[in-house]
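A quick write-up on the structure given underneath.
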Amino acid sequence: MPSRRRRRPWLTAVVLLAAFSLTVGAVVVALDHLSTGPPPVQRCVAELGEQHYSLDPDQAENVALFAGIAAERGLPPRAVTIAIATAMQESRLRNIDYGDRDSLGLFQQRPSQGWGTEEQVMDPVYATNAFYDGLLAVDGYQQMEVTVAAQAVQRSAFPDAYAQHEQMARAFASGLTGQTPAGISCTLAELETDEASLLPLAEEIEEILRRDLPSVVLDAAAEQFLILDATGLGADPADADPAAWAVGQWAVATAYRTGASEVVVDGHRWERGNDAWTAIAPDDEPLPAGHVLVR
């Protein structure tokens with residue numbers, strides 16, 4: 001009969017050691033995952049009455065652009081609501097480089113239909129102004145239902161589709177036009193930044209202000225914070241709260257890009273890791289009417 005092969009002791013030891021190493025490695029990976037946890041959920045929320053509506057931070061930045069351009073052009077909150085609902089339906093509020101036939105950008109505007117060149121409709125500022133130009137050409141748009149006004153500009157194959165986004169659009173438009181104080185808040189991941197220097201923040205905010213709100217003045221002279229002067233938006237100096245709230249909530253909605261960690265306006269403070277505005281003491285961070293503190 002054939003002889004039985006003898007098990008080699010050293011081979012058994014190697015197999016056991018490898019198995020032990022794999023087990024330990026799996027435990028270490030699991031513990032490391034538990035200790036760090038999943039990445040934080042970053043979102044921007046608008047409140048209107050009892051309802052809450054959520055957008056991703058990059059979507060909120062585009063909504064802030066719509067509101068800023070509308071403010072510069074003296075357009076009413078209704079125009080911002082229509083723009084937001086339209087772009088949400090057309091592109092999910094993202095500047096995409098594809099679409100049906102030659103449709104492109106935030107509003108899926110078609111160069112072949114006279115909206116501009118491909119490069120132009122992919123420029124968010126150009127696309128937004130082009131949409132508002134089309135909206136202003138619609139007689140009585142402010143009295144129309146949102147989906148009817150949007151369809152008059154877009155001429156979509158799905159004319160009623162814009163209606164499903166109306167309430168969300170109203171909530172963000174109300175906050176970003178200053179009609180709803182403390183109506184918009186973003187929960188964002190904390191940043192590892194050099195608090196001794198505001199230069200990177202100032203440069204980012206200055207760049208995006210030139211794009212969205214060129215009438216707002218940035219005072220970068222302060223050593224520990226920046227001041228945004230919203231009075232250039234045309235608000236009455238004696239009642240500048242809506243303008244300040246519009247700019248303050250714009251600063252929150254764009255904080256994902258600019259790196260702002262705190263915004264103070266009209267006795268209220270937003271901080272990057274929180275999901276709501278909080279009231280502050282009257283003598284803490286006093287600001288003139290129509291001004292916003294950012295750092």
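The values are calculated or read from the model by the stated rules, or taken from the named source; none is laboratory data. Small disclaimer: the values here were computed from a predicted structure and weren't measured. We place every Cβ from the backbone using ideal geometry, glycine too, and count neighbours over all the protein chains shown.
Of the residues in segment 38-73, how many are assigned to a loop (DSSP other than H, G, I, E, B), under 17 Å from residue 179 (Cα atoms) and either touching a helix residue (DSSP H, G or I) at 6+ places or on another chain (Cβ under 9 Å) or polar (S, T, N, Q) (or both)?
The total comes to 1.
Output the helices (runs of 4 or more DSSP H) that fall wholly within segment 116-230 and possess 1 or more residues being modelled with pLDDT under 95 and surrounded by fewer than 20 Cβ atoms within 10 Å (Cβ to Cβ), or say none. If you could, list the steps in order and put the result at the bottom.
On the way: elements: 118-121, 124-136, 146-154, 166-176, 199-212.
Because the criterion is at least 1 residues that are modelled with pLDDT under 95 and surrounded by fewer than 20 Cβ atoms within 10 Å (Cβ to Cβ), the helices (runs of 4 or more DSSP H) in segment 116-230 that meet it are 199-212.
Within segment 88-118, which residues are free of Cβ contacts under 8 Å to residues at least 60 places away in the same chain and of a type in the set (A, V, I, L, M, F, W, C)?
93, 96, 104, 106, 107, 115 - these are the residues of segment 88-118 that are free of Cβ contacts under 8 Å to residues at least 60 places away in the same chain and of a type in the set (A, V, I, L, M, F, W, C).
With respect to residue 90, determine if the residue is over 18 Å from residue 211 (Cβ atoms), out of contact with any Ser or Thr (no Cβ under 9 Å at 6 or more places or on another chain) and charged (D, E, K, R). Lay out the reasoning, then the answer.
Numbers: over 18 Å from residue 211 (Cβ atoms): yes; out of contact with any Ser or Thr (no Cβ under 9 Å at 6 or more places or on another chain): no; charged (D, E, K, R): yes.
Criteria not met by residue 90.
Among the residues of segment 94-111, is there at least one that is aliphatic (A, V, I, L, M) and touching a strand residue (DSSP E or B) at 6+ places or on another chain (Cβ under 9 Å)?
Yes, that holds for at least one residue.
Please give the number of the condition residue 88 fails out of (1) out of contact with any Gly (no Cβ under 9 Å at 6 or more places or on another chain); (2) assigned to a loop (DSSP other than H, G, I, E, B).
(2) is the only condition that residue 88 fails.
Within segment 241-257, can one find any residue that is among the acidic types (Asp, Glu) and part of a strand (DSSP E or B)? Let's see the steps before the verdict.
Here is the first cut: in segment 241-257, the ones among the acidic types (Asp, Glu) are 241.
When the remaining residues are screened for being part of a strand (DSSP E or B), the result is none.
No.
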